[in-house]
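A.B. asks: I am attaching a structure below and will ask some questions about it afterwards.
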Amino acid sequence: MADQLLSTVPHHHSLPENYIRPESQRPLLAEVISDAHIPVVDLSSPDKSHVSAQIGDACRSYGFFQVLNHGVPVELMVKMMVIALEFFRLPREEKAKHYSDDPAKKMRLSTSFNIRKETVHNWRDYLRLHCYPLEDYVPEWPSNPSSFKEVVSAYCKEVRQLGFQLLGAISLSLGLEEKYMEEVLGEQEQHMAINYYPKCPQPQLTYGLPAHTDPNALTILLQDPDVSGLQVLKHGQWIAVHPQPHAFVINIGDQLQALSNGRYKSVWHRAVVNSEKERMSIASFLCPCNCAIISPPEKLISEASPAMYRSYTYEEYYKKFWSRNLDDEHCLELFRS
């Protein structure tokens with residue numbers, strides 16, 4: 001099955017039939033715009049209320065934002081990108097040790113999104129890791145490249161702290177106690193997807209990942225500094241999110257849309273591919289614990305603004321999410337009050 005990995009083939013001269021989207025579902029790359037007004041938040045500002053207000057505005061208007069001066073060492077971000085690319089350049093037989101198409105596995109190398117169910121595949125390979133608590137999962141991680149476990153562990157710890165800092169700012173921006181989101185989400189799991197998008201002979205016919213929202217609470221994305229690929233949907237228009245040096249892209253997941261009672265948007269986003277360059281991206285996900293009850297706080301419910309979604313556990317939501325196709329209707333629609 002590891003033969004399905006795109007990264008095992010040095011050059012792809014044509015797009016295989018099972019990667020070609022129907023005409024109505026193609027990315028229409030010529031219609032994508034660049035938006036210079038994408039929100040960028042400087043987390044080094046000493047004015048906490050100003051930072052949280054900026055984040056709140058971004059969550060309402062875009063559903064995502066970029067952060068600078070976030071405290072994650074730049075050299076660690078660079079090392080993470082380097083080690084990720086090294087992994088995908090390993091020989092076929094080395095990568096085959098980690099291959100699985102079982103979504104239930106805590107550590108797996110796979111391709112596309114859910115290759116067992118799909119009729120049309122996505123132009124990406126990915127390594128999926130569970131990252132918290134680290135001591136439970138690191139032993140199963142790849143030992144090749146030799147510094148993989150060390151670099152990825154250090155990166156996971158830094159990103160987790162950044163995630164909690166952002167959840168605090170999001171709580172404050174909603175007029176809640178700073179620790180509200182962190183506490184209601186419980187002992188949060190942390191996952192990572194290290195994505196590899198090879199050069200694609202016909203990028204106008206396929207996706208790296210089609211339009212989707214994230215089922216978790218918060219996503220922290222490290223983009224390839226040299227290759228653009230992330231696009232987000234705003235007012236029916238796809239916007240290219242070009243990489244900023246040493247920045248992370250933060251997007252609101254479905255659970256924060258539910259917890260904010262719909263004030264903040266879990267943004268539709270997609271990854272497109274490139275005919276000239278391969279691309280890496282590293283997405284870190286903070287996820288509620290399975291038993292966390294997702295229900296908007298009383299403070300955000302009123303006669304004018306009733307609860308949009310029924311209460312549910314994250315486990316219930318996650319199972320529903322993975323039983324669908326990635327680009328089906330927004331999974332939250334299944335939990336409307």
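The values are calculated or read from the model by the stated rules, or taken from the named source; none is laboratory data. Nothing here was measured: the structure is a model prediction, and the numbers come from that model. Cβ coordinates were reconstructed from backbone atoms using ideal geometry, including for glycine residues, and neighbour counts include every protein chain displayed. Quick note on the areas: whole protein, heavy atoms, side chains included, nothing else; ligands and nucleic acids left out. Shrake-Rupley method; radii C 1.70, N 1.55, O 1.52, S 1.80 Å.
A.B. asks: Being touching a residue at least 60 places away in the same chain (Cβ under 8 Å), open to solvent by 20 Å² or more (accessible area, probe 1.4 Å) and more than 30 Å from GLY236 (Cα to Cα) is the filter here; which residues of region 53-75 pass it?
C.D. replies: GLY71, PRO73, VAL74
A.B. asks: If you don't mind, there's one more thing I want to ask. Quick one: which of GLN237, GLN223, GLN188 is farther than 24 Å from SER44 by Cβ and either modelled with pLDDT of 95 or more or out of contact with any strand residue (DSSP E or B) (no Cβ under 8 Å at 6 or more places or on another chain) (or both)?
C.D. replies: Details: GLN237 fails: either modelled with pLDDT of 95 or more or out of contact with any strand residue (DSSP E or B) (no Cβ under 8 Å at 6 or more places or on another chain) (or both); GLN223 fails: farther than 24 Å from SER44 by Cβ.
Every option except GLN188 fails the conditions.
A.B. asks: Now for a different question. Between PRO245, PRO215, which is open to solvent by 10 Å² or more (accessible area, probe 1.4 Å), over 20 Å from PRO39 (Cα atoms) and either out of contact with any strand residue (DSSP E or B) (no Cβ under 8 Å at 6 or more places or on another chain) or in contact (Cβ under 8 Å) with a residue 60 or more places away in the chain (or both)? Can you show your working first?
C.D. replies: Working: PRO245 fails: over 20 Å from PRO39 (Cα atoms).
The unique qualifying residue is PRO215.
A.B. asks: Could you identify the single residue in HIS37, HIS50 that is closer than 30 Å to ARG263 by Cβ, open to solvent by 30 Å² or more (accessible area, probe 1.4 Å) and part of a helix (DSSP H, G or I)? It would help to see each step written out before you state the result.
C.D. replies: Details: HIS37 fails: part of a helix (DSSP H, G or I).
Matching residue, one of HIS37, HIS50: HIS50.
A.B. asks: Follow-up question, since we're still on this one. Suppose the filter is in contact (Cβ under 8 Å) with a residue 40 or more places away in the chain and among the basic types (Lys, Arg); does LYS299 pass it?
C.D. replies: Numbers: in contact (Cβ under 8 Å) with a residue 40 or more places away in the chain: yes; among the basic types (Lys, Arg): yes.
Yes, satisfied.
A.B. asks: Of the conditions (1) open to solvent by less than 10 Å² (accessible area, probe 1.4 Å); (2) outside any helix (DSSP H, G or I); (3) closer than 28 Å to ASN290 by Cβ; (4) in contact with a Gly (Cβ under 9 Å, 6 or more places away or on another chain), CYS200 fails just one. Which one is it?
C.D. replies: With (1) open to solvent by less than 10 Å² (accessible area, probe 1.4 Å); (2) outside any helix (DSSP H, G or I); (3) closer than 28 Å to ASN290 by Cβ; (4) in contact with a Gly (Cβ under 9 Å, 6 or more places away or on another chain) applied to CYS200, the lone miss is (3).
A.B. asks: Give the residue, chosen from ARG124, ARG116, ARG108, that is surrounded by fewer than 19 Cβ atoms within 10 Å (Cβ to Cβ) and either over 23 Å from GLU158 (Cα atoms) or small (Gly, Ala, Ser) (or both). Walk me through it before giving the result.
C.D. replies: Details: ARG124 fails: surrounded by fewer than 19 Cβ atoms within 10 Å (Cβ to Cβ); ARG108 fails: either over 23 Å from GLU158 (Cα atoms) or small (Gly, Ala, Ser) (or both).
That would be ARG116, the only listed residue that is surrounded by fewer than 19 Cβ atoms within 10 Å (Cβ to Cβ) and either over 23 Å from GLU158 (Cα atoms) or small (Gly, Ala, Ser) (or both).
A.B. asks: So which residues in region 3-34 are touching a Leu at 6+ places or on another chain (Cβ under 8 Å) and either in a helix (DSSP H, G or I) or not charged (D, E, K, R) (or both)?
C.D. replies: Taking region 3-34 as the starting set, the residues that turn out to be touching a Leu at 6+ places or on another chain (Cβ under 8 Å) are 5, 12, 15, 19-21, 26.
Within region 3-34, LEU5, HIS12, LEU15, TYR19, ILE20 meet the criteria.
A.B. asks: Which of the residues that make up region 136-163 are in contact (Cβ under 8 Å) with a residue 24 or more places away in the chain, assigned to a helix (DSSP H, G or I) and of a type in the set (A, V, I, L, M, F, W, C)?
C.D. replies: So the first thing to find is which residues in region 136-163 are in contact (Cβ under 8 Å) with a residue 24 or more places away in the chain, and the list is 137, 140-142, 144-145, 147-148, 151-152, 154-156, 158-163.
Add one more test, that the residue is assigned to a helix (DSSP H, G or I), and what stays is 137, 140, 148, 151-152, 154-156, 158-163.
Residues satisfying the conditions are PHE148, VAL151, VAL152, ALA154, CYS156, VAL159, LEU162.
A.B. asks: In region 318-335, is there at least one residue being in contact with a helix residue (DSSP H, G or I) (Cβ under 6 Å, 6 or more places away or on another chain) and at pLDDT 95 or above?
C.D. replies: No, that holds for no residue.
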